[in-house]
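For reference, the structure is listed below as structure tokens.
The values are calculated or read from the model by the stated rules, or taken from the named source; none is laboratory data. Bear in mind that the values here come from a model prediction, so they are computed numbers and not experimental data. Ideal geometry is used to build each Cβ from the backbone, glycine not excepted, and the neighbour counts take in all protein chains shown.
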Amino acid sequence: MKRFLTLFLISTLVATPSTYAAPKKIAVKALKLAATITTKDDIAGFVVNAKTIVIFGTALDRSFARAVDINGQEIWSIALDPNSPSIASAGAVDSAGNIWIAGCTSHFRPTPAPSATATPLNPDSLVDSPDSFNPDLNAVALWKIPAGTSTPTLFSAQQSAPVLITSIAADKNGVSLTGITQSTKGGTGFVISANSEGEFSKPLLIGATSTTLDAVVRHSDGSLTVTGASSETLGGKKLVGSIDGIIIKISKTNRVLSVVRSSAPKAKRNWSSATSTLLLGGSVITGLKTESAVTKFSNSYVPTWTYRFTSTGPTLTLGSTYAFFVSKGPIPELSNWAPKSPQPILLTFDTKGSISGAFSAAIDQREVVGLSSSKELGVICLTASAETISIFTLA
């Protein structure tokens with residue numbers, strides 16, 4: 001009887017899967033190439049509006065927008081500011097389907113626009129070399145293309161110094177833009193908002209010598225979350241690394257409420273993308289090593305999960321699920337991923353932060369340009385090779 005019980009227990013243990021078994025690795029699938037567009041223009045990004053993909057950027061010194069379908073066939077093409085030098089550098093779609101494209105221009109526009117004379121936030125005594133700007137591009141440009149049309153309306157806000165816009169967020173109440181402007185000592189983070197009629201608020205300047213803002217999130221209570229990088233003291237928070245990634249909460253009344261800094265000593269960090277669910281993407285450079293950082297934050301800016309991947313270039317995030325970057329090495333959670341040269345990869349995450357899917361672009365693609373989605377087309381990825389822009393889907 002004892003021998004029978006022993007054999008029964010052994011067979012039960014053998015037949016029962018171990019609770020602590022290593023998770024099954026995920027196989028990388030290929031993104032589907034939808035279209036390839038030959039262009040030598042400087043493509044800054046794209047937005048998706050229903051079934052239309054709107055690519056924007058700058059050709060020579062003129063900004064443009066071009067609409068294509070999922071097969072790359074052109075629907076319309078427009079010059080955003082045909083009579084003046086300008087740059088289109090960020091885009092968004094609001095809940096009504098209006099397309100907003102932001103950048104800078106050299107025109108002085110007769111719209112109400114306060115000059116950028118706000119007091120910098122708690123700068124320290126560091127003195128860095130000023131960033132290079134085109135001295136003519138000292139007005140914020142905001143183009144609105146109403147839903148169902150291809151006719152842009154330009155709103156502008158003259159500034160007292162050159163400005164470079166890096167991101168835009170839009171909702172039913174208006175838009176918010178971030179970027180960098182020039183100060184007497186270097187680069188200053190720049191935040192400005194406008195209502196749906198294109199009327200701008202007073203800009204908020206953050207830092208004085210070495211701060212840039214790269215992403216913005218509009219919250220339902222009217223507050224903002226902005227992210228970027230800084231190597232100066234902000235809000236009483238001192239520098240930790242060589243350059244710190246920063247997360248800043250701004251009130252509805254345009255006042256800084258809090259500053260959160262990264263905590264990696266000797267590292268160069270930034271948070272270059274952010275979503276409404278606070279899924280942030282950025283880079284970490286330590287010595288000769290470059291990594292993509294993907295971190296999900298709570299509403300109080302506490303990390304709930306995080307990853308780092310060997311990479312090159314920027315990290316783009318979408319919703320609470322997607323991160324898109326150029327991978328440069330193996331990823332332990334993936335079964336068939338060890339690129340011999342840098343290659344774009346799209347990762348998906350579940351609600352607990354575990355990697356749930358992986359999709360790669362073609363090996364000749366060297367740069368991730370954009371990541372967006374619509375109900376009609378699903379997730380759309382834009383990449384660039386030496387000569388072409390490629391549109392990929394998950395289908």
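Structure values in brief
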read-out: Filter result (over 17 Å from residue 165 (Cβ atoms) and assigned to a loop (DSSP other than H, G, I, E, B)) within the stretch 192-221; value: 196, 197, 199, 208, 209, 219, 220, 221
read-out: Candidate set: the stretch 348-377, residues that are among the aliphatic types (A, V, I, L, M) and out of contact with any Asp or Glu (no Cβ under 9 Å at 6 or more places or on another chain); chosen: the one surrounded by the fewest Cβ atoms within 10 Å (Cβ to Cβ); value: 363
read-out: Test for residue 151: is it part of a loop (DSSP other than H, G, I, E, B) and modelled with pLDDT of 95 or more; value: yes
read-out: Every pair of residues 6+ apart whose Cβ atoms lie under 6 Å, when the first sits in the stretch 333-345 and is part of a loop (DSSP other than H, G, I, E, B) while the second is hydroxyl-bearing (Ser, Thr, Tyr); value: 339/327; 342/312
read-out: Where a residue in the stretch 66-78 is more than 19 Å from residue 143 (Cβ to Cβ) and small (Gly, Ala, Ser) and its partner, wherever it lies, is outside any strand (DSSP E or B) and modelled with pLDDT under 95, with Cβ under 8 Å and at least six apart; value: none
read-out: Test for residue 222: is it within 18 Å of residue 257 (Cα to Cα), of a type outside the set (A, V, I, L, M) and surrounded by fewer than 24 Cβ atoms within 10 Å (Cβ to Cβ); value: yes
read-out: Scan of the stretch 13-61 for residues that are at pLDDT 95 or above, over 27 Å from residue 148 (Cα atoms) and either aromatic (Phe, Trp, Tyr) or more than 22 Å from the chain's Cα centre (by Cα) (or both), ordered by number; value: 26, 27, 28, 29, 30, 32
read-out: Per-region count, the stretch 280-290, residues farther than 15 Å from residue 244 by Cβ and either surrounded by fewer than 21 Cβ atoms within 10 Å (Cβ to Cβ) or outside the structural domain of residue 353 (by TED's automatic domain parsing) (or both); value: 4
read-out: Sole residue being assigned by TED's automatic domain parsing to the domain that holds residue 153 and not in a strand (DSSP E or B), chosen from 241, 179, 245, 189; value: 241
read-out: Filtered residue count, the stretch 66-110, keeping only those that are assigned by TED's automatic domain parsing to the domain that holds residue 180, among the basic types (Lys, Arg) and outside any loop (DSSP other than H, G, I, E, B); value: 0
read-out: Index of the failed condition, residue 391 passing every other in (1) surrounded by 15 or more Cβ atoms within 10 Å (Cβ to Cβ); (2) in contact with an Asp or Glu (Cβ under 7 Å, 6 or more places away or on another chain); value: (2)
